[in-house]
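To start, the structure under review is shown below, and the notes come after it.
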Amino acid sequence: MLLAQTAFETRMLLRNGEQLLLTVIIPSVLLVLFSAVDIVAVDGPGKRVDFLAPGLLALAVLSTAFTGQAIATGFERRYGVLKRLGASPLPRWALLTAKTGCVLVTEALQVALLSAIALALGWSPHGLATPQGALAVAALLVLGTAAFSGLGLLMAGTLRAEATLAAANLVFVLLLLAGGVIVPLSKFPAGVQRVLELLPVNALSDGLRSVLQHGAGVPWGDLGILGVWSVLGLAAAARFFRWE
């Protein structure tokens, strides 16, 4: 039942044109555009794509695990889909697990597509050459997914569907601009930087950039921030999520 529901959730997502625009097309277009055009100054050595690719991978996780999941779940809750599924033989924990599985499958497709585009643009990832670097990237993506999933489900399970739609899209745009995805945090005032550094999207993009652009070791600080957001988000979602 769990595998069947995961496959169903994935098919529904991939058939949704609006969700595909948000999760696949926008990150891909931004990667190509900002790599080719000198619009925003980037930090660090190497090509522009070396800075942008890790940030756009973080944006892909944000768009799928948070924005897309919050909107879809919010409207399923409004139309009574969650209530009916909750009364089916499928346990409620399995339904939420299936949604998480759908997110992971979609993210795997996103990472493969964005990596292929970035490599075609001349991206040279450094950290993947070692097992430690590969494990660090995997840990960052998993913890980032957990953090954004918890926050997305919390929003979908507590707000009205229309409010979730507006809030999720607003948060997506704000984090795109101020989350270290495209615009380096060094462009912001020092006081603002210290606040933005605690955001999960910045921790994810900064951790990925540390490994993939600079070839650094395990970014324990960024992993710690994501771990805290994961615990808080998932705990709050489990506590306050309303099925109807």
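Spread over its residues, the convex hull of the C-alpha atoms of the range 2-54 is 96 Å³ per residue. Taking only the C-alpha atoms of the range 153-214, the Rg (one decimal) and the largest Cα-Cα distance, Dmax (whole number), read 13.9, 43 Å. Largest to smallest in accessible area, the residues R11, R239 fall in the order R239, R11 (1.4 Å probe, all protein chains included). Per the Debye formula on identical point scatterers at the alpha carbon atoms of the range 136-244, with no solvent, log10 I(q)/I(0) at q = 0.13, 0.15, 0.17 Å⁻¹ is -0.52, -0.68, -0.84. Taking the helices alone, the chain has a mean residue ellipticity at 222 nm of -23000 deg cm²/dmol, built from -39,500 (n - 2.57) per DSSP H run of at least 4 residues and averaged over all its residues.
For L119 and I25, calculate 0.36 nm times their separation in residues minus their Cα-Cα distance, and state this gained length in nm to one decimal.
Working: separation 94, 0.36 × 94 = 33.84 nm, distance 1.71 nm.
Gain on extension, L119 to I25, equals 32.1 nm.
Accessible surface calculations at 1.4 Å, restricted to protein heavy atoms, place the chain at 46 Å² per residue. Calculated FRET efficiency, A190 to V40, Cβ-Cβ distance, R0 = 25 Å: about 0.80 to the nearest 0.05. The C-alpha atoms of the chain occupy a region whose extents along the principal axes are 55, 37, 33 Å, arranged from largest to smallest.
Could you pull out every one of the lysines with an alpha carbon less than 21 Å from that of K47, ignoring same-chain neighbours closer than 8 positions? Correct list for K47: K187.
Using only side-chain charges placed at the Cβ, +1 for Lys and Arg and -1 for Asp and Glu, the dipole size of the chain relative to its Cα centre rounds to 660 debye. Note on the range 181-244: with charges restricted to the Cβ of Lys and Arg (+1) and Asp and Glu (-1), its dipole about the Cα centre is near 100 debye. With all protein chains in place and a 1.4 Å probe, the accessible surface of the chain carries 72 percent carbon and sulfur.
Counting only residues at least eight positions apart within a chain, or on another chain, the lysines with an alpha carbon under 27 Å from that of K99 are K83.
With the dipole of the range 92-244 worked out from charges on the C-beta (+1 for Lys and Arg, -1 for Asp and Glu) around the Cα centre, which of L109, P200, L140 lies farthest toward the positive end? Result: P200. The convex hull of the Cα atoms of the range 5-144, projected and averaged over all directions, covers 9.7 nm². Here the extension length gained between V228 and A108 equals 40.8 nm, from 0.36 nm per residue of separation less the Cα-Cα distance.
The values are calculated or read from the model by the stated rules, or taken from the named source; none is laboratory data. Computed from a predicted model, the values in this text were never measured in an experiment. Glycine also receives a Cβ, built like all others from the backbone with ideal geometry; neighbour counts cover every protein chain displayed. Each accessible area value is taken on the protein alone, full model and side chains, heavy atoms only, with ligands, DNA and RNA left out. Shrake-Rupley method; radii C 1.70, N 1.55, O 1.52, S 1.80 Å.
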